[in-house]
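Inspection log for the structure reproduced underneath, given as structure tokens.
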Amino acid sequence: MKGAFAVDSAFIELDRVEKVFDVHRKTGFMRRELRRVRAVDSISFTVARGEMVGYIGPNGAGKSTTIKMLTGILTPSGGRLRVAGIDPSRERTRLAHRIGVVFGQRTTLWWDLPLLDSYRLMHRMYRIPDARYRENLDRLVELLELGDLLDVPVRQLSLGQRMRGDIVAALLHDPEVLYLDEPTIGLDVVSKGKVREFLRELNAEHGTTVLLTTHDLQDIEQLCSRVMVIDHGRLMYDGPLTGLHEVGDSERILVVDLERELPPIEAPAPARVVKVDGPRQWLAFPAAASAAPLVARIAAEYPLVDLSVREPDIEAVIAKMLHSLGDTTDPPSERATA
Amino acid sequence: MAETGRVAGRDWAVEKDLGARSSRVVDGLRAYRMITAMWIRSTMAYRASFLMTTFGNFVATALDFVAVLLMFSRVDELGGYTLPQIAFLYGLSSTAFGLADLAVGSMEKLGRRVRDGTLDTLMVRPAPVLAQMAADQFGLRRLGRVTQGVLVLGYALATVDIDWTWAKVLLMPVMLVSGAAIFCAVFVAGASFQFVAQDAAEVQNAFTYGGTTLLQYPPTLFATELVRGVTFVLPLAFVNWVPATYVLGMPLPLGLPGWAAFLPPLVAAACCALAGLAWRAGLRSYRSTGS
Amino acid sequence: MGTGRLYATVAAGGFRRYATYRAATAAGVFTNTVFGLILVYTYTALWDERPHLGGYDLAQAVTYVWIGQSLFKTLASGGGGVEGELMERIRTGDIAVDLFRPADLQLWWLAADLGRAAFELLGRGVLPFVFGALVFDLALPTDVSTWAAFLVAVLLGMLVSFGIRYLVALTAFWLMDGTGVTQMAMLTGWFCSGMVLPLNVFPGALGEVVRALPWSSLLQAPADLLLGHADPLPTYAFQAGWAVALLAAGRLVQSVAARRVVVQGG
């Protein structure tokens, strides 16, 4: 796997990167306590050009601190960090031309002006050649279905439309890497689907490297071949998503509506009924396994009315995984020291 | 398709690197111009509100001068200065401050941008943060204050008794530009302080709004220590007091010699340099603490 | 919970909310002190030129400056307090929730604003005043009863101030953009409350008019009591009259507005 990216294997490169904050905490009416917090604690990884990586972890684990160091907003307290060969904290503006950033809940678009006006500003601010700008705008607007909305003031856009608008703004200058912080948060199912489809295409067709943080496990499942899990500032896992499911030993839930109230379904192990409420039954099965055989079996043997699969919550997966890793002192990260 | 995209992307990347190496000052001014233009267009989306707030800004500052007029309805002189002479000081202070407020006044919102995290969105763009921040929320309505200052200055020039020389005539625009630059420096320094104390935005009001109020009255009114402080420590006196007393033919504050009246450009340059250093220190502290 | 205790809780909440911004409070104290200093020097020059202007002697004029700086935020002479927050709730439509709360809308906001005012009096008012008293010769009464009378006038001033700002805030039911109204209210309040110059220095008819307007209840009325320049009872009657009139007007406008909300469905 490492060999495959031999030429460009270290497009993003972190070597024992640290970020230490001094936090003043109020402990009483006038008393304050000074505490040293390691928001990022000796993290090392590399991302090859063209990879699409999910960066996940509980709130406050150090995800956004890492992103802020990668984009040059924050200066690391220690270690070595390079993006496209550039030290982000030293050459922030030079790096800005090569990266795109989308902050999920903070729009960079002009609230009272038509979408197109914001793009014109990007055109000039990033000094994008005219032909290139026009080409990119046409392509992005078509892919993200924003054609009819270019003349609409941003304040009149829905959350999903605004997010797509922000993604266009971040990509007009052909960044080689795109950072997305919670790109699907608060979006409806249709918008989520559009954003994901677009990101997949961007990565596959255009070779753009993508690093995203998310709370939505489906984002990761549908987009990322590789995930990194961070907790308490440390890299706890780095590998394929299936590995995450195995390590996290997480389960999906199959909700089955039967024609009538029946005794618990006798499902093939390891699937098992975890709850019964009238004609509705809940079955837990390993998240990594396919639901198809289980569904086929139940459909054959029981009077089935309806069914649905519930994805495991990402926080639950991470929590479970971190719990199972709790005893080992050496996190099983495949590439943590690559 | 992927191949062509990448090859083209690489050439473009070289271009980008060349582009990114242009001067920071030029880059900053360019970004400032582009962002202010956006805000002006944005303001024009609510034209009625814009007219009303501009007018409000004008009236607010006009009432401030009405207070001076009320005082002179009861007295003929204040601290040895007549109404036209005070109007001269007032007009200079108000115009210089108004110009600074128009140019970089939004920097006082920095603390809020730090608190809600939106400063980060400026930091990932290829332009100096200072320029982006100064242009942020650019409010053309602040022209109301400039207008008031210019009108008061016009009234003063029409009524005041000045022995005009070429040096004094030349000093007028120099005074306004230097004064505005000094106030700009105060705004930037105040914003830099907000990197450290985000909630303390109001402190800078004491130096900005407080400063212009102080300078609207003659230096003879104030305690010597205070005048010394605003001459040698925070050199606001060079906005108008020092050069304007020279133009008016009044004694310069603190017995300063006549040539001190021609120092404002130098003082302004020094102030801007110091404010720039303060800004860099503030930004560096933000980038190391993230708060 | 008894109604009295409900509003006491709301008021306590208003107090605590402002008490959390410690750095902002310190910054405000500093700024008020600086402005106080500048005003003291201009007033000194003015009273040097015209002793006993407006019936004050120099010490009284200087005392007036520090009373003004200390009460500026408490009495929100230039607007502020619940005004902006209430306008925001009206604009976002959250006000509909408030209207269905089993509490009186006006009393609820009044309680919150009194809590805020109490904090501003203690947190932002005391220090500039102490600074002024230490650095300058102030004309301060020595008997407790005058101080008590002053505090009563401050309390009545809080009611009048709330009455004005509540009316200003309610305009948001009809106006999309409140910036203009807020600004006008700020200007009028600042000028007519005597922040710039004591109202008894205003000449002729202008003086007569500003002294009869509600804003003179904010700063001029309590200051005159503390400076022994006015008698408590007529002062209270003047303030209470305006407070009742403004609060009643607020109720009237509120009921008209509430009907609009109900009709439009929020």
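Details
- Selection within region A:17-36 - closer than 17 Å to residue B:288 by Cα, open to solvent by 70 Å² or more (accessible area, probe 1.4 Å) and either at pLDDT below 65 or basic (Lys, Arg) (or both): A:35, A:36
- Listed by position, the helices (runs of 4 or more DSSP H) contained in region A:54-134 that have at least 3 residues being facing chain B (nearest Cβ under 8 Å) and open to solvent by less than 20 Å² (accessible area, probe 1.4 Å) are A:115-125.
Conditions (1) open to solvent by less than 30 Å² (accessible area, probe 1.4 Å); (2) under 19 Å from residue C:224 (Cα atoms), marked per residue:
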site: C:131; (1), (2): no, no
site: C:135; (1), (2): no, no
site: C:144; (1), (2): no, yes
site: C:172; (1), (2): yes, no
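- Screening residue C:195 against (1) part of a helix (DSSP H, G or I); (2) in contact with a Ser or Thr (Cβ under 8 Å, 6 or more places away or on another chain) leaves a single unmet condition, (1).
- For residue A:289: the one exception among (1) under 30 Å from residue A:60 (Cα atoms); (2) modelled with pLDDT under 80: (1)
Table: residues versus (1) within 30 Å of residue C:253 (Cα to Cα); (2) at pLDDT 90 or above; (3) out of contact with any Leu (no Cβ under 7 Å at 6 or more places or on another chain).
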residue: C:18; (1), (2), (3): yes, no, yes
residue: C:60; (1), (2), (3): no, yes, no
residue: C:88; (1), (2), (3): yes, no, yes
residue: C:103; (1), (2), (3): yes, no, no
residue: C:110; (1), (2), (3): yes, yes, yes
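- Checked against (1) at pLDDT below 95; (2) within 19 Å of the chain's Cα centre (by Cα); (3) surrounded by fewer than 19 Cβ atoms within 10 Å (Cβ to Cβ), residue C:212 passes all but condition (1).
- Odd one out for residue C:203 among (1) over 30 Å from residue C:105 (Cβ atoms); (2) of a type outside the set (A, V, I, L, M); (3) surrounded by fewer than 17 Cβ atoms within 10 Å (Cβ to Cβ); (4) away from chain B (no Cβ under 14 Å): (4)
- Matching residues, region C:222-250, being open to solvent by 40 Å² or more (accessible area, probe 1.4 Å) and not in a helix (DSSP H, G or I): C:228, C:229, C:231
- Any hit, region B:50-59, residues being without any contact (Cβ under 8 Å) to a residue 12 or more places away in the chain, surrounded by fewer than 16 Cβ atoms within 10 Å (Cβ to Cβ) and not assigned by TED's automatic domain parsing to the domain that holds residue B:212: yes
- Residue match in region B:99-107 (condition: within 19 Å of residue B:156 (Cα to Cα), part of a helix (DSSP H, G or I), away from every other protein chain (no Cβ under 11 Å) and within 20 Å of the chain's Cα centre (by Cα)): yes
A quick yes/no check of all residues on (1) out of contact with any Ser or Thr (no Cβ under 8 Å at 6 or more places or on another chain); (2) open to solvent by 10 Å² or more (accessible area, probe 1.4 Å); (3) more than 8 Å from chain C (Cβ to nearest Cβ); (4) farther than 28 Å from residue C:24 by Cα:
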position: B:194; (1), (2), (3), (4): yes, no, yes, no
position: B:203; (1), (2), (3), (4): no, yes, no, no
position: B:223; (1), (2), (3), (4): yes, yes, no, yes
position: B:245; (1), (2), (3), (4): yes, no, yes, yes
position: B:248; (1), (2), (3), (4): yes, yes, yes, yes
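- Going through (1) open to solvent by less than 10 Å² (accessible area, probe 1.4 Å); (2) within 14 Å of chain B (Cβ to nearest Cβ) one by one, residue C:29 falls short only on (1).
- Residue that is surrounded by the most Cβ atoms within 10 Å (Cβ to Cβ) [pool: residues in region B:1-49 that are farther than 20 Å from residue A:118 by Cβ and at pLDDT 85 or above]: B:28
- Residue count for region C:27-83 satisfying the condition of being under 17 Å from residue B:74 (Cα atoms) and polar (S, T, N, Q): 2.
- Residues of region C:133-153 that turn out to be over 23 Å from residue C:58 (Cβ atoms) and not in a helix (DSSP H, G or I), as a count: 0
- When residue B:76 is tested against (1) within 19 Å of residue B:179 (Cβ to Cβ); (2) open to solvent by 10 Å² or more (accessible area, probe 1.4 Å), exactly one condition is not met: (1).
- In region B:250-285, the residues that are closer than 19 Å to residue B:164 by Cβ, surrounded by 15 or more Cβ atoms within 10 Å (Cβ to Cβ) and over 16 Å from the mean Cα position of the chain (by Cα): B:250, B:252, B:261, B:262
- Among residues of region B:124-150, those that are outside any loop (DSSP other than H, G, I, E, B) and buried (at least 18 other Cβ atoms within 10 Å of the Cβ), counted: 15
- Condition met for residue B:237 (within 24 Å of residue B:284 (Cα to Cα), small (Gly, Ala, Ser) and assigned by TED's automatic domain parsing to the domain that holds residue B:267): no
- Of the strands (runs of 3 or more DSSP E) that lie entirely inside region A:175-265, those containing 1 or more residues that are within 14 Å of chain B (Cβ to nearest Cβ) and buried (at least 18 other Cβ atoms within 10 Å of the Cβ) span A:177-181, A:209-213.
- Within region B:156-190, considering residues that are under 20 Å from residue B:106 (Cα atoms) and either aliphatic (A, V, I, L, M) or more than 15 Å from the chain's Cα centre (by Cα) (or both), the one surrounded by the fewest Cβ atoms within 10 Å (Cβ to Cβ): B:177
- Test: residue in region A:280-300 that is of a type in the set (Ser, Thr, Tyr) and in contact with a helix residue (DSSP H, G or I) (Cβ under 8 Å, 6 or more places away or on another chain): no
- From the list B:27, B:101, the one residue that fits, being touching a residue at least 24 places away in the same chain (Cβ under 8 Å), more than 30 Å from residue A:97 (Cβ to Cβ) and acidic (Asp, Glu), is B:101.
- Residue in region C:60-68 that is part of a helix (DSSP H, G or I), of a type outside the set (Val, Ile, Thr) and open to solvent by 20 Å² or more (accessible area, probe 1.4 Å) present: yes
The values are calculated or read from the model by the stated rules, or taken from the named source; none is laboratory data. Computed from a prediction, not measured in an experiment: that's the story for all the values here. Methodologically, a virtual Cβ is constructed for each residue, glycine included, from the backbone with ideal geometry; neighbour enumeration extends over all protein chains shown. Keep in mind that these areas ignore ligands, DNA and RNA; they rest on the heavy atoms of the full protein, side chains included. Shrake-Rupley method; radii C 1.70, N 1.55, O 1.52, S 1.80 Å.
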